[in-house]
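A short write-up of the structure that comes next.
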Ligand code: TRP
Ligand code: SF4
């Protein structure tokens, strides 16, 4: 069985973009693969080092979410990055042999540095993609389900693996491949990409009345359609994008036809989308709340998963230390 690995930062509540963009893919891949899904709390520290108290609650919430969307701790190893210290050791060793220029030229680096709210001018933030390379390679993962914005990090991961092999004349790490989601990006309520920082998200913990409110009052539609009698263009309408993701085929076809001939009003159309969303999201929301109420149960699952992950990671580290001629004393 091929090994799959991915991770999400515990840096705030998950929204529909995470569900469609990443989590659904995780669930799909736990079938037929040996899968490892982690919560990257060290990565969250690169931007939350001044708000450390937020990370553990967000970790629990993300664990509750992993389970609620259908990840099964019997099939997938669910774990917390900071509980497997071997990642830090591999990161350190990689940092000795990775040219600084490889990290400085990561396209997201300078951009994030300038746009972020926190000061990201730290050593750890520059090394973010290298820690990610360690996360992936330590499990010898073959596939990594991620969003498009992570492709460069995967490329860097492969380059680090090649350099390691070249320098120490070994072939420790298989080259990991990204697995992109088949689904297109989820638009936010305003039509831009859904993101917590744009304040345009529908969160997995939003209650039905909040979802209804957000869909009917906040969601953008075709701006050219001013009156109900004006025909609309679903192709440029975020509401229609949601229909395609969450409504039945019949509804999608109906909206596609009726909108163009002004046969359906935008308010009605948005209410339908809200109902489709609620139908899909409400069972997930209830499971998240229910899982969160059992903190001890969540901790057990994470402790167990972290132990299983550690067994794999420490085996890889044995090979790495040997390749780098580090001693094993006592
Ligand atoms: N950088 C990833 C993101 O922001 C999170 C991440 C950290 C990750 N380590 C990983 C993803 C290893 C995949 C594999 O989405
Ligand atoms: Fe968008 Fe629906 Fe209005 Fe058409 S009817 S413009 S798809 S909200």
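Each value in this text was obtained by applying a stated rule to the coordinates, not by laboratory testing. Source: prediction; values computed, not measured. Here the Cβ is made from the backbone with ideal geometry for all residues, glycine too, and neighbour counts use every protein chain on show.
Data for the structure
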{"item": "Region 144-230, Rg to Rh (Cα coordinates; Rh as Kirkwood inverse mean 1/r)", "result": "1.26"}
{"item": "Where Rh is the Kirkwood radius over Cα pairs, Rg/Rh for region 205-288", "result": "1.00"}
{"item": "Helix-only mean residue ellipticity at 222 nm for the chain, each DSSP H run of n ≥ 4 adding -39500 (n - 2.57), per residue, nearest 500", "result": "-16000 deg cm²/dmol"}
{"item": "Prolate/oblate/rounded label for region 69-170 (Cα gyration tensor, a/c 1.5)", "result": "oblate"}
{"item": "For region 145-218 versus region 286-318, the gap between their alpha-carbon centres in whole angstrom", "result": "22"}
{"item": "C-alpha long axis of helix 266-292 to longest principal axis of the chain, angle in °", "result": "40"}
{"item": "Stretchable slack from residue 308 to residue 85, in nm (0.36 nm times residue separation minus alpha-carbon distance)", "result": "79.0 nm"}
{"item": "Rg ratio (alpha-carbon, reference 2.2 N^0.38 Å) - the chain", "result": "1.11"}
{"item": "For peptides 56-62, 18-24, 117-123, sequence by mean Cβ density within 10 Å, most packed first", "result": "18-24, 56-62, 117-123"}
{"item": "Inter-part distance where region 222-240 and region 106-127 are each reduced to a Cα centre, Å", "result": "39"}
{"item": "Translational diffusion of region 137-179, µm² s⁻¹ [Kirkwood Rh, Cα pairs; Stokes-Einstein; 10 °C; 1.306 mPa s]", "result": "149"}
{"item": "Anisotropy class of region 1-61 from Cα gyration tensor, a/c 1.5 cut", "result": "prolate"}
{"item": "In nm, spacing of pseudo-spin labels at residue 155 and residue 319 (7 Å Cα→C-beta vector)", "result": "2.6"}
{"item": "Globularity index of region 1-102, i.e. its alpha-carbon radius of gyration over 2.2 N^0.38 Å", "result": "1.16"}
